[in-house]
Amino acid sequence: MAKYKPRPTKPNPVIDPWKWARDYLSPMEFDNLIASLNKDLSVSIRINQLKSDPKTIIGKWEQAYQWASSPIPFCGSGFWIAEPSASPSRTIEHRLGYYYIQEAASMLPAELFDFHELDHPLILDMAASPGGKTIHLADRTMDKGLIIANDASRSRIPALRIVLQNWGAINQAITNTQGEWYGWAYPDTFDAVLVDAPCSMQGLRTSPSHSMRPITENEIQSLAKRQFHLLESALQAVKIGGQVVYSTCTLSPHENEEVISRILDKYPKEIEIEDIQDKLPSPAPAITYFDGIQFHEQVKKAVRIWPHIFGTAGFFCVKFIKKGAIPSGKRTDAHGKKPNIKGSYFNERESHHLTNMISSLYGFDLKSIIDNQSLAYWQYKENIYLTPSQLAIQFPELSFRSMGMLVGKFFPKGWQPSHEFVSRFGDLFTENIFVLSNEYHDAWIRGEDIRGIIKSEGPTGKILLMRDASGRNLGRGKMLSNRLKNMLPTRLF
């Protein structure tokens with residue numbers, strides 16, 4: 001019997017993440033890079049423009065929490081918070097989605113889109129979870145553009161859903177399919193597509209959400225192949241004249257310049273890169289040559305964010321404009337296996353009745369919001385949702401995991417608005433408001449019920465908007481005979 005001989009394996013060396021930095025930067029620049037990485041990054045937040053005005057609210061938070069803030073130059077709603085005495089992750093505003101903690105460089109992709117001439121843009125976020133860039137897109141359109149937030153990983157969908165709920169985005173629907181499928185299924189459909197591609201995360205700076213680890217040459221090649229196909233699908237799915245932004249949180253040229261150089265070589269007449277250097281306080285051009293490869297001449301218009309220049313993590317970003325049709329590839333996913341949401345739309349009479357009831361109950365103009373954002377009511381069992389009216393028109397066969405916002409539900413004893421609805425619109429309420437005195441404030445934001453408040457101080461059984469003495473939204477409360485019930489969701493604690 002012949003002896004078994006194992007099949008020889010090809011070498012699969014671990015990639016040195018510092019190689020491209022050493023090869024590209026001068027010795028002095030490389031030393032500056034190392035020095036910058038030894039310094040802690042300031043916390044950076046992006047303010048929810050659906051709920052407040054960044055220029056006004058940041059000053060109030062500075063005073064309330066003794067923060068020292070400075071603006072992020074390429075994001076009007078973004079701020080660095082230097083050495084905060086009160087952690088930005090522990091405030092009631094963060095829990096209610098008034099801001100999102102996000103690394104500053106990651107705020108750039110959504111800022112690159114131009115929506116000025118698009119009243120209700122159709123947007124695809126191809127690899128959306130955990131959702132930071134998705135909610136930024138909702139802000140950029142003031143929640144008027146329909147966003148299809150897709151992620152290929154089922155396990156990442158719950159995190160995406162929670163971020164969208166907390167932010168209060170309504171004109172959105174979540175799908176769970178391979179991003180490559182969209183180019184085949186919906187060619188020339190979207191006004192804008194974001195591809196924040198899965199990557200090696202070799203951004204040269206370790207953080208809780210982006211940890212650096214050893215990565216092999218085979219992994220890099222596999223990632224680059226996937227990134228190319230995702231980008232190609234995005235370019236197929238966007239309309240002629242539409243915009244595609246491709247971004248990664250790695251500085252690996254194989255996943256950045258090489259990928260976009262290949263796509264430019266394949267579609268030389270159908271796409272072009274828009275120069276986005278003016279979006280930054282100083283130019284940050286991509287590299288044009290690496291490891292024996294001369295990249296396409298347009299590649300230099302892309303942006304490579306070096307940590308030592310911008311005080312951020314490493315990042316890469318490029319914006320494409322589609323100039324001509326791109327043939328679609330083969331279908332890569334059995335999309336019909338994904339579950340549809342059950343339920344039915346309200347008719348005009350039902351919609352009018354519910355809108356008037358909620359508007360009267362809380363004293364604000366809900367009809368104008370519904371009309372302005374092109375929304376429609378959807379009911380499943382006792383749950384009532386506000387959903388994008390364009391979803392059924394543009395995507396009648398699209399299967400999705402969730403859509404819109406839960407407005408509330410009907411109970412035998414009356415109507416109960418959702419936490420998301422009160423968090424998003426509570427600052428507009430003028431009726432059924434309970435102002436909580438300072439002595440109860442800390443207990444409330446710990447999630448505790450408040451006892452010792454007599455029944456005559458509020459209507460028993462109704463759901464109230466809670467505010468503190470300074471007017472901050474504290475979520476929902478329910479006045480009972482013996483206590484004020486705290487209805488902040490347990491997931492916030």
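The values are calculated or read from the model by the stated rules, or taken from the named source; none is laboratory data. All values derive from a computational prediction rather than experimental measurement. Here the Cβ is made from the backbone with ideal geometry for all residues, glycine too, and neighbour counts use every protein chain on show. Protein only, heavy atoms only, side chains kept; ligands, DNA and RNA dropped before computing areas. Shrake-Rupley method; radii C 1.70, N 1.55, O 1.52, S 1.80 Å.
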Worksheet item: Does segment 211-230 include one or more residues that are in contact with a strand residue (DSSP E or B) (Cβ under 8 Å, 6 or more places away or on another chain) and of a type in the set (Gly, Ala, Ser)?
Response: no
Worksheet, complete the sentence: Restricting attention to segment 147-164, the residues that are open to solvent by 10 Å² or more (accessible area, probe 1.4 Å), touching a Ser or Thr at 6+ places or on another chain (Cβ under 9 Å) and either touching a residue at least 60 places away in the same chain (Cβ under 8 Å) or basic (Lys, Arg) (or both) number exactly 3
Discussion item. Consider segment 173-199. How many of its residues are assigned to a strand (DSSP E or B) and open to solvent by less than 10 Å² (accessible area, probe 1.4 Å)?
Written reply: 8
Worksheet entry | segment 389-423, subset among the charged types (D, E, K, R) and touching a residue at least 24 places away in the same chain (Cβ under 8 Å), residue most open to solvent (accessible area, probe 1.4 Å) | LYS413
Worksheet, complete the sentence: Only one of GLU232, GLU258 is under 18 Å from ASP191 (Cα atoms), assigned to a helix (DSSP H, G or I) and open to solvent by 10 Å² or more (accessible area, probe 1.4 Å), namely GLU232
Worksheet entry | Residue list for segment 102-127, restricted to those being open to solvent by less than 10 Å² (accessible area, probe 1.4 Å), of a type in the set (A, V, I, L, M) and assigned to a loop (DSSP other than H, G, I, E, B) | LEU112, MET126
Worksheet item: For GLY242, are the conditions met, namely being open to solvent by less than 60 Å² (accessible area, probe 1.4 Å) and at pLDDT 90 or above?
Response: yes
Item to complete: Pick out, from segment 374-493, the helices (runs of 4 or more DSSP H) lying fully within it that include 1 or more residues that are within 19 Å of LEU164 (Cα to Cα) and at pLDDT below 95.
Response: 389-394
Worksheet item: Among the residues of segment 80-96, is there at least one that is of a type in the set (A, V, I, L, M), without any contact (Cβ under 8 Å) to a residue 24 or more places away in the chain and more than 24 Å from VAL195 (Cβ to Cβ)?
Response: yes
Discussion item. With the structure loaded, tell me whether SER69 is over 22 Å from GLY132 (Cβ atoms) and touching a helix residue (DSSP H, G or I) at 6+ places or on another chain (Cβ under 7 Å) or whether it fails that test.
Written reply: no
Worksheet, complete the sentence: When (1) closer than 14 Å to ILE358 by Cβ; (2) in contact with a strand residue (DSSP E or B) (Cβ under 9 Å, 6 or more places away or on another chain); (3) not hydroxyl-bearing (Ser, Thr, Tyr) are applied to LEU428, the one that fails is (2)
Worksheet item: With (1) without any contact (Cβ under 8 Å) to a residue 24 or more places away in the chain; (2) open to solvent by 40 Å² or more (accessible area, probe 1.4 Å) as the list, and GLY59 as the residue in question, which single condition is left unmet?
Response: (2)
Worksheet item: Is there a residue in segment 441-449 that is within 20 Å of TYR65 (Cα to Cα), without any contact (Cβ under 8 Å) to a residue 12 or more places away in the chain and surrounded by 12 or more Cβ atoms within 10 Å (Cβ to Cβ)?
Response: yes
Worksheet item: In this structure, does ASN218 turn out to be of a type in the set (S, T, N, Q), touching a residue at least 60 places away in the same chain (Cβ under 8 Å) and over 24 Å from TRP306 (Cα atoms)?
Response: yes
Response to the item:
Counting only residues that are open to solvent by 30 Å² or more (accessible area, probe 1.4 Å), under 18 Å from VAL422 (Cβ atoms) and more than 29 Å from the chain's Cα centre (by Cα), segment 347-366 contains a total of 3
Item to complete: Can you give me the number of residues within segment 77-101 that are in a loop (DSSP other than H, G, I, E, B) and in contact with a strand residue (DSSP E or B) (Cβ under 9 Å, 6 or more places away or on another chain)?
Response: 7
Practice prompt. Give segment 264-321 a look and list any residue that's of a type in the set (D, E, K, R) and open to solvent by less than 20 Å² (accessible area, probe 1.4 Å), or say none.
Written response: ARG304, LYS319
